[in-house]
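The values are calculated or read from the model by the stated rules, or taken from the named source; none is laboratory data. It should be emphasised that the depicted structure is a prediction, and the values quoted were computed from it without experimental measurement. Please note that ligands, DNA and RNA were not included when accessible areas were found on the heavy atoms of the full protein model with its side chains. Shrake-Rupley method; radii C 1.70, N 1.55, O 1.52, S 1.80 Å.
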Amino acid sequence: MPVLTIASRKGGTGKSTASVAIASMLDAEGVDVGLLDTDPNQGAYRWATQKYGGTTLKAYAESDTEKLADLLPTLAARHAVLIVDTAGFGNQAATVAMAGADGVLVPVTPGEGDVVEAGRTVGFVEGLAKMARRPIPVRVLPNRLRRSTTLTKHVLAEMDANGLPRLKASLSEAVSYGEMSFSAALPRTGTAAGEVEALVAELRELRWLPEKGATSSLRKEVKA
Ligand SMILES: Nc1ncnc2c1ncn2[C@@H]1O[C@H](COP(=O)(O)OP(=O)(O)OP(=O)(O)O)[C@@H](O)[C@H]1O
Ligand SMILES: [Mg+2]
């Protein structure tokens, strides 16, 4: 526990990038983190198992809806936190992953259509919460921002005007995020590192993420 699902109806908004960035930062902090890739393309799973330099991050891949409904709570109980990456275009596995989440993070890239799609994703999570009769907190993460541009100011204002629950944290357009998918680890210095740190800190303030060094309650029980 808890489960953080990263989702958006639109493809290519940075779901996998945010998933691996958050998961690897938590891993580096000594948190017992699981990364569950529910996208049949398994990009995040491949990154975690083939590219990532750390040895403690546990990665899983499951896109079958029925299996996922059983696996998600099992993995949530096994780890101090479970980060769940999803495929775009509103597939069933993503719906299960959102319905089982303690928080849903929706990355959104600059563009009029992107803000509209993010609004639909937020609305869908709110609908799932209503159906499940429990709160499912949802936040929007602005991604690929070019700092100090009119476009960025406009997009952020548009999100606010549309009532999107936007995080203070955001990610810039930075080559290091692109490079991350080909390399062994998260950038440790520079803009990207600071941004991911700020993102993790804000998610922690929301109590979506456990404290540094957190191990799962199951493991604590075993140790006791
Ligand atoms: N902040 C960023 N700066 C530069 N490149 C980025 C940034 N965020 C994402 N990208 C790049 O954009 C592409 C899409 O990102 P990513 O794969 O994370 O999106 P996604 O939402 O997981 O896509 P899909 O819907 O296909 O799963 C990738 O090539 C990634 O490296
Ligand atoms: Mg992806």
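Computed in the context of the full set of protein chains, the accessible area of the stretch 15-54 at 1.4 Å probe radius has 39% of its extent on carbon or sulfur.
Taking a ≥ b ≥ c as the square roots of the eigenvalues of the Cα gyration tensor, the stretch 28-71 is classed as oblate, since a/c reaches at least 1.5 and a/b does not exceed b/c. Looking at the stretch 4-133, the accessible area is 38 square angstrom per residue; that uses a 1.4 Å probe and ignores ligands, DNA and RNA. To put it simply, the accessible area of the stretch 110-224 at a 1.4 Å probe is 55 percent carbon and sulfur. For GLY103, the residues whose modelled amide H falls within less than 5 Å of its own, excluding neighbours fewer than 5 places apart on the same chain, are VAL3, THR5. Between ALA77 and GLU205, the contour length at 0.36 nm per residue exceeds the Cα-Cα span by 43.9 nm. Under a GNM of the chain (C-alpha, springs under 10 Å), which listed residue has the highest mean-square fluctuation: THR55, THR189, THR95? Maximum fluctuation in the GNM of the chain, among the listed residues, is at THR189.
Please report the spacing between the Cα centers of the stretch 5-22 and the stretch 28-46 in Å, no decimals. Cα centroid to Cα centroid, the span is 11 Å. For the chain, the square roots of the Cα gyration tensor eigenvalues, ordered a ≥ b ≥ c, give a/c of at least 1.5 with a/b no greater than b/c, which places it in the oblate category.
For a test of the definition: using alpha carbon positions, the gyration tensor, and the 1.5 limit on a/c, classify the stretch 93-209 as rounded, prolate or oblate. In terms of gyration-tensor shape, oblate. Converting phi to 3J(HN,Hα) with the Karplus coefficients 6.51, -1.76 and 1.60 and the offset θ = phi - 60°, the stretch 199-216 yields 5, 4, 4, 5, 5, 5, 4, 6, 6, 8, 10, x, 5, 3, x, 5, 10, 6 Hz in sequence order, with x at every glycine or proline. Taking 29 Å as the limit for the C-alpha separation, the pairs LYS51/LYS153; LYS51/LYS130; LYS153/LYS212; LYS168/LYS212; LYS15/LYS153 exceed it in the case of LYS51/LYS153; LYS51/LYS130; LYS153/LYS212.
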